[in-house]
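See structure below.
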Amino acid sequence: MRNAILATVFFSIPVLAQRDITGTQLGLASIQGRVVLQDAPSAAPEQIPVHLTQSNGVPVAVAYTSGNGQFLFNNLATGNYEIRVSAPGFHPVSHTVNVNTASGRIQTQVYLRRLEPRARTDPAATSASISMREMLAPPGARREYEKGLEKLRKVDFPAAERHLKKAVAIHPAYSRAWVELGQLYARTSRSGEALKSFREGLRQDDQNRDAWLYMARLLNDQGQHLEALQAAARLEQQYARDPRNHLEIARGLLGVGKIPEAEAAARRLDTEPHAEVPEVHLVLFHILRLRQDKQAAAAELRTYLKEISDSGVPSTVAPVVRARDLLAKLETEIATAK
């Protein structure tokens, strides 16, 4: 990940006003950045989509670069966010930004690195043209897509679904819209429709790593671990440094009963710099629980709960509640055994 992006983050003193110069509300933060070409820093590509998601993959917003390559995300709460940028002919890049509302405005630069020339028969070269069609989505499709993301952020699923469906109706090659529609279906327990949407997103752009990732995650959630491993392996071939995908590999290996391989994958992920994937501790918890190492299993749950809290995820979401219940039960078992 590091060789694909060079980012510098500067923190400014909070502005004591109702809104700062970027329009951010008091008590919230903003991310202001610029996309430039690594081999031509003075160049500023226009209309490059910049996606912002929470650390758990939930979309927050999408921005398009201006004439000087700048983008801005306002009104952000404390937490870890991921910035993702992809453009035809360039390596996709992403990095995590830790937002603290006490810091006010965060500034970052994203450097795009050109892809090496490929033969016309190379499937990746074909997918680049598909990405170009997506990037050239009509304004109406983009508007519907952005409205859909905004409604997703507000957890208004019916309205989000209407807007995303309109986006793909206007522009059927809109791979990202298909993927966000799949995420919506997954979050509303419609796994069959979610898988169909992910697959359609991949049909339009088989280099869409979110589609591979979310499909692997959903398949693991559904207990289809072999299929999840296949999707994760495909993503690993394209982007070997995605820690979220490494988590799905570890989950898939655990699901098919390859415990030593699952633990090795999880331990590697836990030591990766900037991985910031608290869920790896849930994988390690299950492995240690199978081995009847209750003390170590409880320690993994405590680490998960601390890291997930530090990342800004609400304590009321279902996985966090389940983890707390599991820890309470495990601590009771440990105390009883003494």
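The values are calculated or read from the model by the stated rules, or taken from the named source; none is laboratory data. Being a predicted model, the structure only gives us computed values, none of them experimental. Don't worry about glycine lacking a Cβ; one is built from the backbone with ideal geometry, like all the others, and counts go over all protein chains shown.
For (1) more than 12 Å from Leu330 (Cβ to Cβ); (2) touching a residue at least 24 places away in the same chain (Cβ under 8 Å); (3) not charged (D, E, K, R), each residue gets a yes or a no:
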| site | (1), (2), (3) |
| --- | --- |
| Val277 | yes, yes, yes |
| Leu284 | yes, no, yes |
| Gln292 | no, no, yes |
| Ala296 | no, no, yes |
| Tyr304 | yes, yes, yes |
| Ser309 | yes, no, yes |
| Ser315 | yes, no, yes |
| Ala318 | yes, no, yes |
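Test Arg203 against the stated conditions and say whether it is of a type outside the set (Ser, Thr, Tyr), in contact (Cβ under 8 Å) with a residue 40 or more places away in the chain and either outside any loop (DSSP other than H, G, I, E, B) or more than 28 Å from Tyr81 (Cβ to Cβ) (or both). Judged against the criteria, Arg203 is not a match.
One residue stands out among those in segment 171-200 that are assigned to a helix (DSSP H, G or I), hydroxyl-bearing (Ser, Thr, Tyr) and over 16 Å from the mean Cα position of the chain (by Cα): the one that is surrounded by the fewest Cβ atoms within 10 Å (Cβ to Cβ), which is Ser191. When Asp221 is tested against (1) more than 18 Å from the chain's Cα centre (by Cα); (2) within 24 Å of Leu184 (Cα to Cα), just one condition goes unmet, and that condition is (1).
With the condition kept exactly as written, say whether any residue in segment 292-305 is among the hydroxyl-bearing types (Ser, Thr, Tyr) and out of contact with any helix residue (DSSP H, G or I) (no Cβ under 6 Å at 6 or more places or on another chain). No: zero hits. Where helices (runs of 4 or more DSSP H) sit wholly within segment 223-338, those with at least 2 residues that are at pLDDT below 90 and not assigned by TED's automatic domain parsing to the domain that holds Ser55 occupy 225-238, 243-255, 259-271, 294-310, 318-337. When the residues of segment 62-71 are filtered to those that are within 15 Å of Tyr145 (Cα to Cα) and buried (at least 19 other Cβ atoms within 10 Å of the Cβ), the one that is nearest to the chain's Cα centre (by Cα) is Val62. Answer yes or no: is there a residue in segment 271-282 that is within 23 Å of Val97 (Cβ to Cβ), among the polar types (S, T, N, Q) and out of contact with any Gly (no Cβ under 9 Å at 6 or more places or on another chain). Yes, segment 271-282 contains a residue that is within 23 Å of Val97 (Cβ to Cβ), among the polar types (S, T, N, Q) and out of contact with any Gly (no Cβ under 9 Å at 6 or more places or on another chain).
Here is the figure for segment 215-241: residues that are crowded, with 20+ Cβ neighbours inside 10 Å and within 25 Å of Thr271 (Cβ to Cβ) total 9.
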